[in-house]
Each structure stands twice: as C-alpha cells, then as structure tokens.
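Only one structure is covered here, and it is reproduced in the block below.
What follows draws every value from the coordinates through simple rules; no lab data is involved. Predicted model only: the values in this text are computed from it and were never measured. Cβ placement follows ideal geometry from the backbone for every residue including glycine, while neighbour counts extend to all protein chains displayed.
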Amino acid sequence: MCHGFPSDPSFYTFLFQIDQDIAASVQAAGCYCGGVLHSARYPRKPRGVRSALDETYDYRLSFCCAASDCRRRTTPASVRFLGRKVYLGVIVVLIAAMQHGLSPKRRQRLIEVLDIPPQTLCRWRKWWREIFPTSRCWQAERGHYVPPIQASGLPDGILGKLEGKDLRARLCRLLLLVAPVTTTSWSGYLRTAIDPQKM
Ligand SMILES: [Zn+2]
C-alpha cells in the first residue's frame, strides 16, 4: 500500500490536470448571463493519501461571474472531489468497488490506514446504490451497458466494464464519468476526454 498506486503523486497530478481542462472549458463558455467568469476557487481539505497530494488539492476550482448584478458562482465538475464528501473521490470509488478494484487485503489495509469509520463506509454504499442511480448523469449513462448494471453493483459494475490498461486508467475514466454529479451549479456538457498517452 505504501508503494505505487494509490499513493503515487503522479496519479493525483494527472487528476488535477483533468480538473483544469474541465474548468478551462467552463470558464471559456462564461456565465449563463453572458458575463465573464473569474477564478473564485474555494478551500478544501480532502482526506485520503495526504502524502501524495500537493497544494493543488487545498482548493477546488470554481468561478464567480464578474457582472455586478449577477455574481453567480459556477463550480465545474471535478474528478478529484466527489461533491461535499470529505474523502477524495478516488477513495470513495476504490473502497466501494469490491471486485474490480483493489484486492480485498489492500482494500482493508486502505480502510485501516485512512481510518475510515464504518458509518462512513455505510453512507458511501448507500450513496452508490440509492443516490447515484437517480442522478441525471447515471440515467443518461446506464443505457450504454449491456447487460444493464444494477444499482446493487455500483460502482463495481462500471469499473469492470471500462477500458484501460490498469486499475488507475479505469479509475480515471470512472471519475470522469461520475464527475457531473460533483456539482450542482453547473450542468453543461463535459467535453473533456482522457488522453491514454498521458495516463
Ligand atoms: Zn453571470
């Protein structure tokens, strides 16, 4: 667990680059009122593999409309922060993925190292099985899988179907897939794609 994924800083740098891509396209599109979006990132203190994270993880990318009669906040989707959850999105996925993620031993080790309380694990399972399936994001996505992925098989089922040379590559794709649920102040179309060369 102390070596390689998921404690490899390069993985988190890569995720930050994806967040920057998403944010750049959101900023370029501007506010819905037509105003210009200025950077208004806000502080975060994500839990999970802190030693692998640099200062870019101390904040979430966000914007504020420059028009004085608007000032609306727009927070782009993120592959790093899963909404308001205090743990990194990748941890919330990894711990919930029973079959296609880490080996049971490494998964258990990760839970111990990060000291994740049982109630939190319970809440995540509930989120994947009851909240995420009702999201617009999953409603739009679910039809792409044959046979269909049941709510009881989330997020494992998706992880098992995504292409990628290894777990980290498939995780990146999964985080991008669920990224629309990470914000309520932006609902545009996610144009960002992952370049396998950089993974
Ligand atoms: Zn505006």
Sequence order, segment 159-175: Karplus ³J(HN,Hα) from phi using 6.51 cos²θ - 1.76 cosθ + 1.60, θ = phi - 60°, Hz rounded, Gly and Pro as x, gives 4, x, 9, 6, 7, x, 6, 8, 4, 5, 5, 5, 5, 4, 5, 5, 5
Once the mean of 1/r over all distinct C-alpha pairs in segment 142-189 is inverted, the Kirkwood radius in Å reads 11.9 Å
Candidate cut points under GluC sites (Glu not before Pro) in segment 98-167, DSSP loop plus at most 10 other Cβ atoms within 10 Å of their own Cβ, are E163
Cα-based Debye curve of segment 14-72 sampled at q = 0.16, 0.18 Å⁻¹ gives log₁₀ I(q)/I(0) of -0.57, -0.68
Cα extents of segment 55-123 per principal axis, largest first, Å, are 54, 23, 22
Using the Cα gyration tensor of segment 78-196, the equivalent ellipsoid's semi-axes, largest first and to the nearest Å, work out to 21, 17, 15
Expected sort for 167-178, 7-18 on mean C-beta neighbours within 10 Å, highest first, is 167-178, 7-18
When all Cα-Cα pair distances of the chain are considered, the percent exceeding 20 Å is 57 percent
Contour minus Cα-Cα span, R125 to R44, at 0.36 nm per residue, comes to 26.9 nm
note: segment 26-142, Cα-Cα separations exceeding 23 Å make up a percent value of 45 percent
Nearest 10, in degrees from 0 to 90: the angle of helix 9-29 to the longest Cα principal axis of the chain is 30 degrees
